[in-house]
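Novice: Provided herewith is a single structure, encoded as structure tokens, for subsequent inquiry.
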Amino acid sequence: MIAASRLCWILVNTVPYHQARLRAAAAHMPLRLCMVQLAGRDAFQILQQSVEAGESYDQRILFPDRRWHEIDGRAMVRGLQAALNELRPDVVCINGWSYGGCIAALAWCVTNRIPAIMMSESTALDHPRHHWKEAIKRRIVRLCSASLVGGTPHRDYIAALGAPLDHVFTGYDAVDNQHFHVGAERARRADRYLREKLSLPPHFFMACSRFAAKKNLARLLQAYAKYRESMNDGAWSLVVIGDGELGDDLLELRRQLDLDECVLFPGAKDYRELPIYYGLAKAFIHASTTEQWGLVVNEAMAAGLPVLVSERCGCATDLVVPGFNGLLFDPGNVDSIADAMIQIGDGSHDPQAMGRNSREIVARWSLERFAEGLNGAVEAALRRPAPSAGLIDRLVLWALQHR
């Protein structure tokens, strides 16, 4: 095994699942881990995390009082380069190619001949692909020494961009399964008390997401109305956790569909509260029209729920076995979404058995799996000479980090 003295992971900001992965990596890797966070505040307030003393990894926040979009690009590049010059890591992990901070970190690696690990959740289908953008990505991928990605479609995509398959590792998209398992079981033991306290119905589908267009919640409400027409008195309710810019539109749609009594919007819930809602739900549904992975599906599976998942979600290939632990549907087709809900609610499947199967599957996508994947990527990166960058590569990096 090759050991490095320090690994730096560059993040825009940290949310609970990042912290869980950082702790797992620190516990399982033979190197010192340092998280370099660019922005101290998250645009989605409920996810914002405070830096805690006594963590098993080092932490540094470059702009603690700002959100990502509030940071001046040039100041960010200067601050990140200064931090890396001081820390002198042996390996640097960057989260994708979408943010200038990640590209600035890669440019620093190229200049200093330090191997970079690309962490990516992208698939070939999560966005429309354009030839010129893909050409830029190929240059970025070639400048990285290894990759840690979500699952099968993510591995295939980054390999198509030029990453050597023997330097691509999976397991990036993990959550703290134990947190959701234990919390859900605790909620089930206090079922009657919690349902009364939270005003939750006895049987409900649960959804959890930001109220943004790609989450497809309007179509989910339309599908739920069709489901309810089909099931009549046997219909479950729908509880949608979250908030966002489309909140008023969804409330109006609920009114138009005459679903005020059976569709609940309890608001966004923090990391500690979420397992309660998973524990009291009968099934989970995630209807996004596009999703690089969909970590809420991991959470629901760890809590022991059957999962109804859009076939456009990156996790669908690896986490959902139709008929075994859930069902897949076409997110653009209201009837397809409604049919999945009907199949779970009409006795065609055993939700409890599906929930047990969910736990079995997601156990293979644990924090330990993440740490193993990261350790494999580090070892592969250190064995491989840091790629050299030509003039065009350097111009591309300069343009991307200063855009």
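Novice: Mind sorting Lys282, Lys133, Lys214 by how few other Cβ atoms lie within 10 Å of their own Cβ, fewest first?
Specialist: By the 10 Å Cβ count, ascending, the order reads Lys133, Lys214, Lys282.
Novice: Pairs Lys137/Lys215; Lys197/Lys269; Lys137/Lys269; Lys197/Lys226: which exceed 24 Å Cα-Cα?
Specialist: Lys137/Lys215; Lys137/Lys269; Lys197/Lys226
Novice: Calculate for the chain the 222 nm mean residue ellipticity that helices alone would give, adding -39,500 (n - 2.57) per DSSP H run of length 4 or more and normalising by residue count, nearest 500 deg cm²/dmol.
Specialist: Computed mean residue ellipticity for the chain: -13500 deg cm²/dmol.
Novice: What residues have an amide H closer than 5 Å to that of Ser120, excluding those fewer than 5 places away on the same chain, when H is modeled at 1.01 Å from N in the peptide plane?
Specialist: Hits under the 5 Å cutoff: Leu148, Val149, Gly150.
Novice: Next up: Starting from one equal scatterer on each C-alpha and no solvent at all, send me the Debye-based log10 I(q)/I(0) for the stretch 161-208 at q = 0.13, 0.28, 0.31, 0.32 Å⁻¹, two decimals.
Specialist: -0.53, -1.11, -1.17, -1.18
Novice: If you build a Gaussian network model of the chain, linking Cα atoms that sit under 10 Å apart, which residue out of Gly162, Gly347, Gly151 swings the most?
Specialist: Of Gly162, Gly347, Gly151, the Gaussian network model singles out Gly347 as fluctuating most.
Novice: Amide H neighbours of Ile61 under 5 Å, at least 5 residues apart or on other chains, H built in the peptide plane: list them.
Specialist: It is Gln37, by chain and number.
Novice: What list do you get for Asp260, Asp330 if you sort them by fewest beta carbons within 10 Å?
Specialist: Result, fewest neighbours first: Asp260, Asp330.
Novice: Taking R0 as 56 Å, what FRET efficiency do you get between Asn112 and Leu198 from their Cβ-Cβ distance, rounded to the nearest 0.05?
Specialist: After rounding to 0.05, the efficiency reads 0.60.
Novice: What is the helix-to-structure angle for 391-401, meaning the angle in degrees between its Cα long axis and the longest Cα principal axis of the chain, kept from 0 to 90 and rounded to the nearest 10?
Specialist: Taking the Cα atoms of the chain, the angle to 391-401 is about 50 degrees.
Novice: Please order Asp248, Asp233, Asp176 by the number of other Cβ within 10 Å, starting at the fewest.
Specialist: Asp233, Asp248, Asp176
Novice: Right, here's the next one. Spelling out what I want: for every residue of the stretch 214-231, take phi, set θ = phi - 60°, compute 6.51 cos²θ - 1.76 cosθ + 1.60 (Karplus), and round to whole Hz; glycine and proline get x.
Specialist: 5, 6, 6, 6, 4, 5, 4, 5, 5, 5, 5, 4, 5, 4, 5, 4, 6, 8
Novice: Taking Rh as the Kirkwood radius computed over C-alpha pairs, what is the Stokes-Einstein D of the stretch 254-360 at 10 °C in a medium of viscosity 1.306 mPa s, expressed in µm² per second?
Specialist: It diffuses with D of about 111 µm²/s by this estimate.
Novice: Here's something else I'd like to know. How big is the Rg/Rh ratio for the stretch 177-362, C-alpha atoms only, Rh by Kirkwood, two decimals?
Specialist: For the stretch 177-362, the value is 0.92.
Novice: Averaging sequence separations of C-alpha pairs under 8 Å and six or more residues apart, then dividing by the length of the chain, give the relative contact order as a whole percent.
Specialist: 20
Novice: Which residues does the label zone of Arg394 cover in the stretch 111-150, counting backbone N under 16 Å from a point 7 Å along Cα→Cβ?
Specialist: 111-114, 143
Novice: Report, in degrees rounded to the nearest 10, the 0 to 90 angle that the Cα long axis of helix 334-345 makes with the longest principal axis of the chain.
Specialist: 70
Novice: Moving on to the next point. Once you put a point 7 Å from the Cα of Asp346 and another 7 Å from the Cα of Gln59, both along the Cβ direction, what distance in nm separates them?
Specialist: 5.0
Novice: Quote the FRET efficiency, to the nearest 0.05, computed for Ala75 versus His28 with a Förster distance R0 of 41 Å and r equal to the Cβ-Cβ distance.
Specialist: According to the calculation, E is roughly 0.75.
Novice: Going 7 Å from the Cα of Ser98 in the Cα-to-Cβ direction, what parts of the stretch 62-85 have a backbone nitrogen less than 15 Å from that spot?
Specialist: 68-69
Novice: Can you give me the angle between helix 73-87 and the longest principal axis of the chain, using Cα atoms only, in degrees from 0 to 90, rounded to the nearest 10?
Specialist: Rounded to the nearest ten degrees, it is 70.
Novice: Skipping prolines and chain starts, which residues have an amide H placed within reach, meaning under 5 Å, of the one on Ser288, given they are 5 or more residues away or on another chain?
Specialist: Ser310
Novice: Give the relative contact order (percent, whole number) for the stretch 177-362; include only Cα pairs under 8 Å separated by 6+ residues.
Specialist: Relative contact order of the stretch 177-362: 26 percent.
Novice: Right, another one. Would you mind counting up the charge near Leu251? Only other residues with Cβ under 12 Å from its Cβ, with Lys and Arg at +1 and Asp and Glu at -1.
Specialist: Here the charged neighbours net out to -3.
Novice: Continuing with the same structure: May I ask for the net charge around Asn232, where only other residues with Cβ less than 13 Å from the Cβ of Asn232 are counted and Lys, Arg are +1 while Asp, Glu are -1?
Specialist: Computed value for this residue: -1.
Read the figures in this text as sums done on the coordinates, not as results from a lab. Owing to the predicted nature of the structure, the values given are computational and were not obtained by experimental measurement. Using ideal geometry, Cβ is built from the backbone for each residue, glycine included, and neighbour counts are taken over all protein chains shown.
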